[in-house]
Amino acid sequence: MLLEIKNVKASYGLVPAIHEANFFAEHGEVVGILGHNGMGKTTLLKTIMGFVKQNSGEINFDGETINKLSVHQRASKGIGLVPQGREIFPNLTVEQNMSVGVAAQKGDINGRIEEALEMFPRLKRLIDRRGGDLSGGEQQLLALARCLCRKPKLMLLDEPTEGIQPSIIDEIAETLSKLSKKGEITIVLVEQNLDFITNLSKRVYAISNGILKDEIPPKSLKDTNAISEYMGFS
Ligand SMILES: Nc1ncnc2c1ncn2[C@@H]1O[C@H](COP(=O)(O)OP(=O)(O)O)[C@@H](O)[C@H]1O
Ligand SMILES: [Mg+2]
């Protein structure tokens, strides 16, 4: 098991946002977490990354408990976050955006960028384009590529399909699927897009009002009524 979240709670000041989270991800797995707006998806990923402090519970990663580690330390251990809204630097080129991802690391930065770009032929063609001039989908590809430059063991993806046209959503799904088949990376994907999630993940959890505990049985994933129930809408 690469990641294990046990009874994790987190809050903003006195206001709880994650009441209870329990889930795990095996090495090489894509795990999906499905939830509507405001249910705690971003908070959960930020808690795993260390941006939001947990109040209790345990986060185990790659054989150790990381509860007390800083964001920077978690990143060095191999956790990468692709944030909601992508957070591309609009005035930097594609290549410069990618260098920012590896700037703090030792070794052959250009080599890492080139290696990451192998998975993203579309970005290769846009290498000198300003981040701000890319489409939403292209920016999402760039956010993924930037994260991959650091060679994370675990990638946390926050709503990669949000606000993106269907044609490029398919390209993002294909890229992630190829990446996953290489077997070097584990992905935790939070989404509202059911098709995207079921296309990529064998195991899917539901998060509702800050509570994540139920894995949705595979056959319920084809049943809209069952899904609504798991997502807390009935
Ligand atoms: N920085 C913040 N300060 C206070 N409350 C927040 C903050 N960010 C999110 N929340 C609240 O935490 C809950 C979960 O939000 P969030 O994790 O962003 O949900 P999701 O990503 O599923 O849309 C919501 O009630 C939201 O209003
Ligand atoms: Mg969110």
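Values in this text are rule-based calculations from the coordinates and carry no lab data. Predicted model only: the values in this text are computed from it and were never measured. FYI the Cβ positions are ideal-geometry reconstructions off the backbone, even for glycines, and counts take in every protein chain you see.
The slack between residue 92 and residue 203, meaning 0.36 nm per residue of separation minus the straight C-alpha distance, is 36.3 nm.
Where both partners of a DSSP beta bridge lie in the chain, what percent of those bridges are antiparallel, to the nearest 5? The antiparallel proportion sits near 50 percent. Can you figure out the FRET efficiency of residue 12 with residue 76, using R₀ = 25 Å and their beta-carbon distance, to the nearest 0.05? The calculated FRET efficiency here is 0.45. When each of 27, 72 is scored by the number of other beta-carbon atoms lying within 10 Å, the sequence from fewest to most is 72, 27. Among 46/178; 41/202; 53/77; 6/151; 9/202, which pairs are too far apart, with a Cα-Cα distance over 21 Å? Violating the 21 Å limit, Cα to Cα: 46/178; 6/151; 9/202. Highest mean packing first, where packing is the average number of other Cβ atoms within 10 Å per residue, the peptides 12-20, 154-162 line up as 154-162, 12-20. Counting only DSSP H runs of at least 4 residues, each contributing -39500 (n - 2.57), and dividing by the residue count of the chain, the helix-based mean residue ellipticity at 222 nm comes to -10000 deg cm²/dmol. Our note on the geometry: Cα centres of segment 1-64 and segment 72-134, 25 Å apart. Legend: calculated FRET efficiency, residue 56 to residue 128, from the Cβ-Cβ distance at R0 = 45 Å, rounded to 0.05, equals 0.40. Principal axis extents of the C-alpha atoms in the chain (largest first, rounded to whole Å): 48, 39, 33. Summing charges over neighbours of residue 106, with a neighbour being any other residue whose Cβ is under 13 Å away from its Cβ, gives +2 when K and R count +1 and D and E count -1. Each Lys and Arg Cβ is given +1 and each Asp and Glu Cβ -1; about its Cα centre, segment 125-205 then shows a dipole of about 560 debye.
Legend: calculated FRET efficiency, residue 109 to residue 223, from the Cβ-Cβ distance at R0 = 35 Å, rounded to 0.05, equals 0.15.
Between residue 118 and residue 213, the simple label model (points 7 Å from Cα in the Cβ direction) yields a spacing of 4.4 nm. Computed over all pairs of different Cα atoms, the Kirkwood value for the hydrodynamic radius of segment 151-219 is 13.1 Å. Bridgeable aspartates and glutamates around residue 68 (alpha carbons under 13 Å apart, same-chain partners fewer than 8 residues away excluded): 58.
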